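What follows is a set of notes on a single structure, which appears directly below.
The values are calculated or read from the model by the stated rules, or taken from the named source; none is laboratory data. Fair warning: this is a prediction, and the values are worked out from it, not measured in the lab. In this analysis, Cβ positions are derived from the backbone assuming ideal geometry, glycine residues included, and neighbour counts consider all displayed protein chains. The area values use the complete protein model at the heavy-atom level, side chains included, leaving out ligands, DNA and RNA. Shrake-Rupley method; radii C 1.70, N 1.55, O 1.52, S 1.80 Å.
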Amino acid sequence: MTEQTYIMIKPDAVAKGQIGRIISRFEDAGLRIERMELDTLTPEHAAKNYAEHEGKPFYDGLIDYITSGPVVKMVISGPNAVAVSRKLMGPTDPATAPPGTIRGDFGLTVDANVIHGSDSIESAQREVDIFFGNSQ
Ligand code: DAT
Ligand code: MG
(Lines give C-alpha, C1' and ligand atoms only; values in the text may rest on other atoms or scores of the structure.)
(Ligands and ions follow the chains in the order given, each with its own letter.)
Protein backbone atom coordinates (compact mmCIF):
# COMPACT_ATOMS: atom_id res chain seq x y z
CA MET A 1 0.00 0.00 0.00
CA THR A 2 1.35 3.42 -0.92
CA GLU A 3 2.09 5.47 2.18
CA GLN A 4 3.68 8.78 3.05
CA THR A 5 6.33 9.21 5.72
CA TYR A 6 8.19 12.15 7.22
CA ILE A 7 11.98 11.95 7.00
CA MET A 8 14.43 14.51 8.35
CA ILE A 9 18.20 14.59 7.78
CA LYS A 10 19.55 15.92 11.08
CA PRO A 11 22.03 18.80 11.63
CA ASP A 12 25.13 16.60 12.04
CA ALA A 13 24.61 14.93 8.66
CA VAL A 14 23.84 18.24 6.92
CA ALA A 15 27.01 19.75 8.43
CA LYS A 16 29.11 16.77 7.31
CA GLY A 17 27.93 17.06 3.68
CA GLN A 18 26.02 13.77 3.66
CA ILE A 19 22.68 15.01 2.26
CA GLY A 20 23.09 13.64 -1.25
CA ARG A 21 24.31 10.22 -0.22
CA ILE A 22 21.49 9.82 2.33
CA ILE A 23 18.78 10.88 -0.13
CA SER A 24 20.20 8.35 -2.60
CA ARG A 25 19.46 5.50 -0.17
CA PHE A 26 15.72 6.29 -0.40
CA GLU A 27 15.79 6.80 -4.18
CA ASP A 28 17.80 3.60 -4.67
CA ALA A 29 15.11 1.69 -2.77
CA GLY A 30 12.46 3.08 -5.13
CA LEU A 31 10.83 5.54 -2.76
CA ARG A 32 9.79 8.92 -4.09
CA ILE A 33 10.54 12.38 -2.72
CA GLU A 34 7.27 14.32 -2.65
CA ARG A 35 8.42 17.43 -0.77
CA MET A 36 11.80 18.67 0.45
CA GLU A 37 13.02 21.77 2.27
CA LEU A 38 16.22 22.88 4.01
CA ASP A 39 15.19 24.61 7.23
CA THR A 40 16.34 25.32 10.78
CA LEU A 41 13.70 24.09 13.25
CA THR A 42 12.22 26.37 15.87
CA PRO A 43 12.18 25.03 19.44
CA GLU A 44 8.37 24.91 19.13
CA HIS A 45 8.46 22.59 16.10
CA ALA A 46 11.14 20.45 17.71
CA ALA A 47 9.07 20.11 20.88
CA LYS A 48 5.97 19.10 18.88
CA ASN A 49 7.91 16.45 16.97
CA TYR A 50 9.49 14.98 20.10
CA ALA A 51 6.58 15.45 22.55
CA GLU A 52 6.63 11.72 23.42
CA HIS A 53 10.16 12.12 24.87
CA GLU A 54 9.48 15.14 27.11
CA GLY A 55 10.85 14.51 30.61
CA LYS A 56 13.42 11.93 29.54
CA PRO A 57 17.07 12.57 30.51
CA PHE A 58 18.14 13.20 26.91
CA TYR A 59 15.21 15.49 26.00
CA ASP A 60 16.84 18.92 26.52
CA GLY A 61 19.97 17.84 24.64
CA LEU A 62 17.83 16.46 21.82
CA ILE A 63 15.95 19.77 21.38
CA ASP A 64 19.23 21.78 21.51
CA TYR A 65 20.81 19.47 18.95
CA ILE A 66 17.91 19.30 16.49
CA THR A 67 17.63 23.13 16.46
CA SER A 68 21.42 23.68 16.25
CA GLY A 69 21.60 24.01 12.45
CA PRO A 70 19.75 23.33 9.23
CA VAL A 71 17.94 20.06 8.64
CA VAL A 72 16.45 18.62 5.44
CA LYS A 73 12.72 17.99 5.86
CA MET A 74 11.15 15.54 3.42
CA VAL A 75 7.89 13.80 2.63
CA ILE A 76 8.71 10.45 1.07
CA SER A 77 6.17 8.09 -0.45
CA GLY A 78 5.87 4.57 -1.81
CA PRO A 79 4.68 1.10 -0.89
CA ASN A 80 5.23 0.52 2.85
CA ALA A 81 7.18 3.81 3.00
CA VAL A 82 7.13 3.93 6.82
CA ALA A 83 8.55 0.45 7.41
CA VAL A 84 10.95 0.55 4.46
CA SER A 85 12.35 3.90 5.62
CA ARG A 86 12.89 2.61 9.16
CA LYS A 87 14.69 -0.41 7.73
CA LEU A 88 16.96 1.80 5.58
CA MET A 89 17.71 4.04 8.62
CA GLY A 90 18.58 1.21 10.99
CA PRO A 91 18.35 1.14 14.80
CA THR A 92 18.40 4.36 16.84
CA ASP A 93 22.03 4.08 18.04
CA PRO A 94 24.62 4.31 15.23
CA ALA A 95 27.04 2.38 17.46
CA THR A 96 24.89 -0.74 17.07
CA ALA A 97 23.24 0.00 13.71
CA PRO A 98 24.61 -2.48 11.16
CA PRO A 99 26.76 -1.49 8.20
CA GLY A 100 24.54 -0.84 5.20
CA THR A 101 22.03 1.17 7.21
CA ILE A 102 22.06 4.98 7.08
CA ARG A 103 22.77 5.33 10.81
CA GLY A 104 25.37 2.57 10.71
CA ASP A 105 27.20 4.10 7.77
CA PHE A 106 26.94 7.84 8.49
CA GLY A 107 26.86 8.20 12.30
CA LEU A 108 28.72 7.30 15.48
CA THR A 109 26.66 8.21 18.56
CA VAL A 110 22.98 8.21 19.57
CA ASP A 111 22.92 11.91 20.43
CA ALA A 112 23.69 12.84 16.77
CA ASN A 113 22.13 9.96 14.89
CA VAL A 114 21.92 11.36 11.37
CA ILE A 115 18.25 10.95 10.52
CA HIS A 116 14.66 10.95 11.79
CA GLY A 117 11.84 8.90 10.30
CA SER A 118 8.24 8.46 11.40
CA ASP A 119 7.65 5.20 13.30
CA SER A 120 4.02 4.58 12.23
CA ILE A 121 1.46 5.76 9.69
CA GLU A 122 -0.21 7.80 12.44
CA SER A 123 3.08 9.48 13.41
CA ALA A 124 3.80 10.16 9.75
CA GLN A 125 0.48 11.99 9.28
CA ARG A 126 1.07 14.01 12.44
CA GLU A 127 4.67 14.89 11.51
CA VAL A 128 3.89 15.82 7.89
CA ASP A 129 1.25 18.16 9.28
CA ILE A 130 3.68 19.68 11.82
CA PHE A 131 6.40 20.36 9.26
CA PHE A 132 4.50 20.93 6.00
CA GLY A 133 0.88 21.50 7.01
CA ASN A 134 -1.17 24.59 7.67
CA SER A 135 -0.39 24.46 11.38
CA GLN A 136 3.28 25.21 10.62
P1 DAT B 1 14.07 6.80 16.77
O2 DAT B 1 14.64 8.12 16.28
O3 DAT B 1 14.86 5.63 16.24
O4 DAT B 1 12.60 6.68 16.53
P5 DAT B 1 13.44 7.33 19.56
O6 DAT B 1 12.10 7.77 19.08
O7 DAT B 1 13.52 6.33 20.65
O8 DAT B 1 14.33 6.76 18.34
O9 DAT B 1 14.28 8.60 20.04
C10 DAT B 1 14.18 9.83 19.34
C11 DAT B 1 15.54 10.47 19.26
O12 DAT B 1 16.01 10.78 20.57
C13 DAT B 1 16.61 9.54 18.68
O14 DAT B 1 16.62 9.56 17.26
C15 DAT B 1 17.86 10.09 19.28
C16 DAT B 1 17.42 10.59 20.65
N17 DAT B 1 17.70 9.58 21.68
C18 DAT B 1 17.01 8.45 21.93
N19 DAT B 1 17.54 7.76 22.95
C20 DAT B 1 18.61 8.48 23.36
C21 DAT B 1 19.59 8.33 24.37
N22 DAT B 1 19.59 7.27 25.20
N23 DAT B 1 20.55 9.29 24.49
C24 DAT B 1 20.57 10.37 23.67
N25 DAT B 1 19.67 10.59 22.70
C26 DAT B 1 18.72 9.66 22.54
MG1 MG C 1 10.99 7.70 17.38
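Lysine pairs in the chain 8 or more apart or on different chains: how many have alpha carbons under 17 angstrom apart?
Values: LYS10/LYS48; LYS10/LYS73; LYS16/LYS73; LYS48/LYS56; LYS48/LYS73.
Taking the chain as the scope, the lysine pair count is 5.
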Contact order relative to length for the range 1-108, counting C-alpha pairs under 8 Å separated by 6 or more residues, stands in percent at 40
A student applying the Cα gyration tensor rule (rounded when a/c is under 1.5; otherwise prolate if a/b is larger than b/c, oblate if not) would label the range 49-136 oblate
Highest GNM mean-square fluctuation among HIS116, HIS53, HIS45, for the chain with Cα springs under 10 Å, belongs to HIS53
The answer for GluC sites (Glu not before Pro) in the range 52-136 that fall in a DSSP coil and have at most 15 neighbouring Cβ atoms within 10 Å is GLU54
Once all protein chains are kept in place, VAL114 shows an accessible area at probe 1.4 Å, nearest 10 Å², of 0
With +1 at each Lys and Arg Cβ and -1 at each Asp and Glu Cβ, the charge dipole magnitude of the range 1-54 around its Cα centre, to the nearest 20 debye, comes out at 240
With all protein chains in place and a 1.4 Å probe, THR92 shows an accessible area in Å² (nearest 10) of 80
Answer in debye to the nearest 20: the dipole magnitude of the chain about its Cα centre, from +1 Lys/Arg and -1 Asp/Glu charges placed on Cβ, is 380
Sorting THR42, VAL128, VAL75 by the position of each Cα along the dipole of the chain (Lys, Arg +1; Asp, Glu -1; all at Cβ), the one nearest the positive end of that ordering is VAL75
In cubic angstrom per residue, the convex hull of the range 1-84 built on its Cα atoms measures 100
